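Working notes for the structure below.
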Amino acid sequence: MSADPKGIRDVYESQAAVYDAQRSRALFEARWLARFAACLPPGGRVLDLGCGAGEPIARWFIAEGFRVTGVDFADAMLEIARSRWPEGDWRQGDMRRFDLGETFDGIIAWNSFFHLTPEEQRSCIIRMASHLEPGASLLMTVGPDAGEASGTVGGQPVYHASLSPAQYATCLEQNDLRLTGYLAEDPETNQHSVLMARKI
């Protein structure tokens, strides 16, 4: 199956309930979340880019006392998040074009950033850097090598892409972000490749 990067939103709109039901709540991400959270001030502001339905990432940060702003391009996903946290800050937006006019203590893009094309990823890093306070941290999942691939959501194909680790490091440095952690296909996170950086 081939995947069209332009069709990702439609897939998540139509498969939101299926995705949410199948999304693991085992918190295999916990070690990285804790490492990221340790870099944030208590009660700090976290931007969850591609927040989906809020499970389990946003829930973890809310439970830890952080103020979460969730952004997703799929209204169906946001409806589920709002049903869980009616008082939450849930915003419809595309991470390829977002401009919130505010800054955060941390940005997380777990299982969302890698849906962007390589050029969109470079542009998104510029946008993320502009939304981070000096000293703030960034945590996101990427691919282990440069290239494009396909995955599935609810049986429908979705696009994935990645730069190389060296290309990420260069792009981050160009935007005043310093790479502070990277692990390709981490066995403790179901083989996710994880990247952390800090705003200089």
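Exactly one of these conditions fails for GLY154: (1) out of contact with any strand residue (DSSP E or B) (no Cβ under 8 Å at 6 or more places or on another chain); (2) surrounded by 15 or more Cβ atoms within 10 Å (Cβ to Cβ); (3) modelled with pLDDT of 95 or more. Give me its number.
With (1) out of contact with any strand residue (DSSP E or B) (no Cβ under 8 Å at 6 or more places or on another chain); (2) surrounded by 15 or more Cβ atoms within 10 Å (Cβ to Cβ); (3) modelled with pLDDT of 95 or more applied to GLY154, the lone miss is (3).
Filter the range 60-81 for residues that are over 29 Å from ILE126 (Cβ atoms) and either touching a Leu at 6+ places or on another chain (Cβ under 6 Å) or crowded, with 16+ Cβ neighbours inside 10 Å (or both) and give the result. Break it down into steps so the answer makes sense when it comes.
Start the filter on the range 60-81 by keeping residues that are over 29 Å from ILE126 (Cβ atoms), which leaves 63, 65, 79-80.
If the condition is that a residue be over 29 Å from ILE126 (Cβ atoms) and either touching a Leu at 6+ places or on another chain (Cβ under 6 Å) or crowded, with 16+ Cβ neighbours inside 10 Å (or both), then ILE80 is the only one that fits.
I'd like the full set of residues that are in contact (Cβ under 8 Å) with a residue 60 or more places away in the chain and within 18 Å of the chain's Cα centre (by Cα), limited to the range 125-139. Working first, answer last.
Step one: of the range 125-139, the residues in contact (Cβ under 8 Å) with a residue 60 or more places away in the chain are 128-129, 131-139.
Matches in the range 125-139: MET128, ALA129, HIS131, LEU132, GLU133, ALA136, SER137, LEU138, LEU139.
Right, MET77: within 16 Å of the chain's Cα centre (by Cα), closer than 14 Å to CYS51 by Cα and assigned to a helix (DSSP H, G or I) or not?
Considered against the rule, which asks whether it is within 16 Å of the chain's Cα centre (by Cα), closer than 14 Å to CYS51 by Cα and assigned to a helix (DSSP H, G or I), MET77 comes out as yes.
Any residue in the range 24-49 that is over 20 Å from MET77 (Cβ atoms) sitting within a Cβ distance under 6 Å of a residue that is surrounded by 18 or more Cβ atoms within 10 Å (Cβ to Cβ) and among the aliphatic types (A, V, I, L, M)? List the pairs, counting only those 6 or more apart or interchain.
Once the first residue is over 20 Å from MET77 (Cβ atoms) and sits in the range 24-49, its partners that are surrounded by 18 or more Cβ atoms within 10 Å (Cβ to Cβ) and among the aliphatic types (A, V, I, L, M) give TRP32/VAL194; PHE36/LEU139.
So is SER162 farther than 25 Å from GLN15 by Cα, buried (at least 16 other Cβ atoms within 10 Å of the Cβ), in contact with a helix residue (DSSP H, G or I) (Cβ under 7 Å, 6 or more places away or on another chain) and of a type in the set (Gly, Ala, Ser) or not? Write out each step before concluding.
Numbers: farther than 25 Å from GLN15 by Cα: no; buried (at least 16 other Cβ atoms within 10 Å of the Cβ): yes; in contact with a helix residue (DSSP H, G or I) (Cβ under 7 Å, 6 or more places away or on another chain): yes; of a type in the set (Gly, Ala, Ser): yes.
Spelling it out, it is not the case that SER162 is farther than 25 Å from GLN15 by Cα, buried (at least 16 other Cβ atoms within 10 Å of the Cβ), in contact with a helix residue (DSSP H, G or I) (Cβ under 7 Å, 6 or more places away or on another chain) and of a type in the set (Gly, Ala, Ser).
The values are calculated or read from the model by the stated rules, or taken from the named source; none is laboratory data. Predicted model only: the values in this text are computed from it and were never measured. Backbone-built Cβ (ideal geometry, glycine too); neighbour counts: all protein chains shown.
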